[in-house]
Amino acid sequence: MMRGDPVTLAVFVLIVLIGGTNFVAVRFSNQELAPFWGAGIRFAAAGVLLLAIAALRHIALPRGRALVGAVMFGLLNFGAGFAFAYWGLVAAPAALGSVFVALAPLLTLLLARLHGLERLTWRGILGGAVAFLGVAVVFVDQLGAAVPLASVLALLAFALCVAESTVIAKVLPRVHPIATNATAMIPGSLLLLGLSLLVGEPRVLPTTETTWVALVYLATIGSIGLFVGFLIVVRRWTASATSYATVLFPIVTVAVGALLAGELASVAFVLGTVLVMAGVFVGAMAPAARKRVESGLVQERP
């Protein structure tokens, strides 16, 4: 399908709204639940729900190469990626996480080039330079706001995991998105729960209504809705085109964070965010780049 398909566009908008809100929900979850434990039970619950849905709908789970790919996707995206994300968001504001993930399109283009899937152009290099400047502004602003350097680096590592898992998702054999995510979330959650056990986190259930709401949202809409929608879009668009959703995450995160969590953005933070979004637009979303994406440079895999 082409990117003008209204159903795919609607799913794309939905994952933008869900993805931007998720950062704020994680911050609420982290107020009571240890990061690896909170992420682990989130994806364990989501994985079990997806397995139940697959069984009820008689959806076949992946096998062979598809199974190996789904496990790799799960360990990188749900395991390592969200280990960095949850741990980083303990001390960092939600908006900072969304700004780093907004770099995903440029990181995806670079990694897709390394995998031999897409070409890197001068627009990508220029966009990367502008986005890097924006990240530097945000970086200095957040360090000035007493955000630990380790948290900032963890969120950058999360963005890299998002980019690489997007490329992996693009080359996965065609399996139903529900089956792929169900298979991927289980090993990802086991990795997270193993980390929780290894570092000796307290493994308790929420005691407040706010934490329960955040956890239930993250395990259902925030996981099932987001990642099933993500695989639907990435099967129809290129890996880098799908990752454009992350560019819009900061807008949603800043708005929801200000409304629900009282996280107000500084002028420097807003300036840095605008530079990041402008850099990604130049590098991955400008007309010439869109033409390259839509021309089928990255072919759909069977």
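The values are calculated or read from the model by the stated rules, or taken from the named source; none is laboratory data. Every value quoted in this text rests on a predicted model; they were computed, and no experiment measured them. Heads up, the Cβs are rebuilt from the backbone with ideal geometry, glycines too, and the neighbour counts pull from every protein chain shown.
One table, with the values for the structure above:
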quantity	calculated
Options ALA66, ALA46: the member that is over 21 Å from VAL280 (Cα atoms) and touching a helix residue (DSSP H, G or I) at 6+ places or on another chain (Cβ under 6 Å)	ALA46
Any hit, region 109-129, residues being part of a helix (DSSP H, G or I), at pLDDT 70 or above and within 16 Å of the chain's Cα centre (by Cα)	yes
Region 192-204, residues that are part of a helix (DSSP H, G or I) and either surrounded by fewer than 22 Cβ atoms within 10 Å (Cβ to Cβ) or touching a strand residue (DSSP E or B) at 6+ places or on another chain (Cβ under 7 Å) (or both)	LEU193, GLY194, LEU195, LEU197, LEU198, VAL199
Residues satisfying the stated conditions in region 55-90, i.e. assigned to a loop (DSSP other than H, G, I, E, B) and surrounded by fewer than 21 Cβ atoms within 10 Å (Cβ to Cβ)	ARG57, HIS58, ILE59, ALA60, LEU61, ARG63, VAL90
Candidates LEU75, LEU51, LEU67 - the one that is within 23 Å of LEU191 (Cα to Cα) and within 20 Å of the chain's Cα centre (by Cα)	LEU75
Residue pairs meeting the criteria (Cβ under 8 Å; at least 6 apart or on separate chains; first more than 10 Å from SER189 (Cβ to Cβ), in region 26-45; second among the basic types (Lys, Arg) and surrounded by fewer than 21 Cβ atoms within 10 Å (Cβ to Cβ))	ALA34/ARG203; TRP37/ARG203
Sole exception among (1) modelled with pLDDT under 90; (2) more than 30 Å from GLY64 (Cα to Cα); (3) not in a helix (DSSP H, G or I) for LEU133, by number	(3)
Residue match in region 260-277 (condition: modelled with pLDDT of 70 or more, surrounded by 16 or more Cβ atoms within 10 Å (Cβ to Cβ), of a type in the set (S, T, N, Q) and touching a Leu at 6+ places or on another chain (Cβ under 9 Å))	no
Yes/no for THR207 being assigned to a loop (DSSP other than H, G, I, E, B), surrounded by fewer than 22 Cβ atoms within 10 Å (Cβ to Cβ) and of a type in the set (Ser, Thr, Tyr)	yes
